[in-house]
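Please treat every number below as a calculation from the coordinates, not as lab data. Fair warning: this is a prediction, and the values are worked out from it, not measured in the lab. Ideal geometry is used to build each Cβ from the backbone, glycine not excepted, and the neighbour counts take in all protein chains shown.
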Amino acid sequence: MSIPDSQNYNATVVARIDYTPSLRTYYIQPDQAFEPYQAGQYVTLGLESSVPRSGEVIPEARPPQEGKMVLRAYSIASAGFENEVLQFYVAHVPEGTLTPRLWTLEPGDRLQLGRRITGNFTLENAQTKTIVMVGTGTGIAPFLAMVRQHAAVRPDVRFVLLHGATRRAELGHHGEFRALDFALPNFVYLPAISRPHLDPLWKGQIGRLTVFFQDQGRLLAEKARVHLDPAKTDVYLCGSPGMVRDISTILEPAGYQKWTRANPAALHVEEYWKDKE
Ligand SMILES: Cc1cc2nc3c(=O)[nH]c(=O)nc-3n(C[C@H](O)[C@H](O)[C@H](O)COP(=O)(O)OP(=O)(O)OC[C@H]3O[C@@H](n4cnc5c(N)ncnc54)[C@H](O)[C@@H]3O)c2cc1C
């Protein structure tokens, strides 16, 4: 164990996979199992502010108040029926407040897992039976949950996952998605890397994920037989504000509107952080 326990903690890290020095999946067991949740929902993780920051860090953009828990939202990557041990796919942010503290966690360490699982970024809110999921970096976390929970048991729904990263090592969970693509006729996996000079052996798609949507979605139609029409295809965007903005802008002229509870529509957005003003 590497960090002191706290009475505010209610969960234990049971395992961890490191994809790169700044990308990890944590397996976290709550002291009490959760009720099943919907794939795509999120919950908070928290650590005491006294936990030291680790990894490659720079001064904190939002220093915590002394004696306060530092809490942030994380999409649950495990399927809703896997509620005994939850998975979280997390990126280390050098100027961050929580993630450098999370980076001290070893199996056996304790932390706080919020009791309230929430969010509308779920397949229950889809309008159609063709689902295009677009995730940059750890933005694939809710799609891991969706694919794990639904793809094998919903043969009537087509799932297409566009997974973007700078290089292959940062395509965390790539192997699982590739295996599911081979195994399931209703699941298509299309990874793309944006810095091929870092990965000269990469044979797949190159560029940012916007490449799939340009020219009225020509590449998406070619590779996955998907048509960008809100009456036929739901699009789920998750990750960086830049990707969300760029793809939303391309989709608007095709008639896509952002889903809200008051206006259910075919464009679903989960933005992990806001662009600096
Ligand atoms: C609904 C929801 C679900 C989320 N799920 C996940 C998830 O599954 N995995 C995950 O890694 N993150 C997820 N996030 C982001 C997460 O809540 C934190 O914002 C992130 O981990 C950074 O926390 P921090 O305290 O280290 O940095 P903060 O102190 O919160 O932020 C420091 C600065 O970094 C910027 N920033 C925040 N995140 C990133 C990033 N990933 N890359 C670059 N800059 C960033 C912020 O704008 C800010 O300027 C989610 C956010 C939301 C709203």
Linear extension gain, THR104 paired with HIS197, 0.36 nm per residue minus alpha-carbon span: 30.3 nm
Take the alpha-carbon centre of region 152-178, take the same for region 80-130, and report the distance between them in whole Å. 18
Near-label residues of region 176-210 by backbone N, under 15 Å of a point 7 Å along Cα→Cβ of THR166: 193-200, 207-208
What Kirkwood hydrodynamic radius, in Å, does region 1-51 give when the mean of 1/r is taken over all pairs of distinct Cα atoms and then inverted? 13.2
Please report, to one decimal in angstroms, the Kirkwood hydrodynamic radius of region 123-271 built from all distinct Cα-Cα pairs. 15.3
Top positive-direction residue, dipole computed over region 11-113 with Cβ charges, set ALA39, ALA91, TYR19: ALA91
Quick check on packing: order 12-22, 229-239, 131-141, 187-197 by the mean number of other C-beta atoms within 10 Å, highest mean leading. 131-141, 229-239, 187-197, 12-22
More than 16 Å apart: what percent of Cα pairs in region 148-236 qualify? 57
Quick one: plug the Kirkwood hydrodynamic radius of region 63-105 (C-alpha pairs) into Stokes-Einstein at 37 °C, 0.692 mPa s, and report D in µm²/s. 270
Where a ≥ b ≥ c are the square roots of the eigenvalues of the C-alpha gyration tensor, would you call region 212-272 rounded, which needs a/c under 1.5, or, failing that, prolate if a/b is larger than b/c, or oblate? oblate
Output ordering of 119-126, 54-61 (per-residue mean of other Cβ within 10 Å, highest first) is 119-126, 54-61
In nm, spacing of pseudo-spin labels at ALA221 and ASP156 (7 Å Cα→C-beta vector): 2.8
Can you sort LYS68, LYS258 by how many other beta carbons sit within 10 Å, fewest first? LYS68, LYS258
Count the DSSP beta bridges whose two residues both fall in the chain, then state the antiparallel fraction as a percent rounded to the nearest 5. 50
Given unit charges at Cβ for Lys, Arg (+) and Asp, Glu (-), the dipole magnitude of region 11-113 about its Cα centre in debye, nearest 20, is 200
Ratio of Rg to Rh over region 72-187 (Cα coordinates, Kirkwood Rh, two decimals): 0.97
So what are the chain's ellipsoid semi-axes, whole angstrom, largest first, if each one is the square root of 5 times an eigenvalue of the alpha-carbon gyration tensor? 32, 20, 18
Whole Å is fine, so just give me how far the alpha carbon centre of region 12-61 lies from that of region 241-259. 30
Note on region 128-186: C-alpha Rg/Rh, Kirkwood Rh, two decimals, gives 0.95
Overall Cα dimensions of region 1-106, principal axis frame, Å, largest first: 39, 31, 25
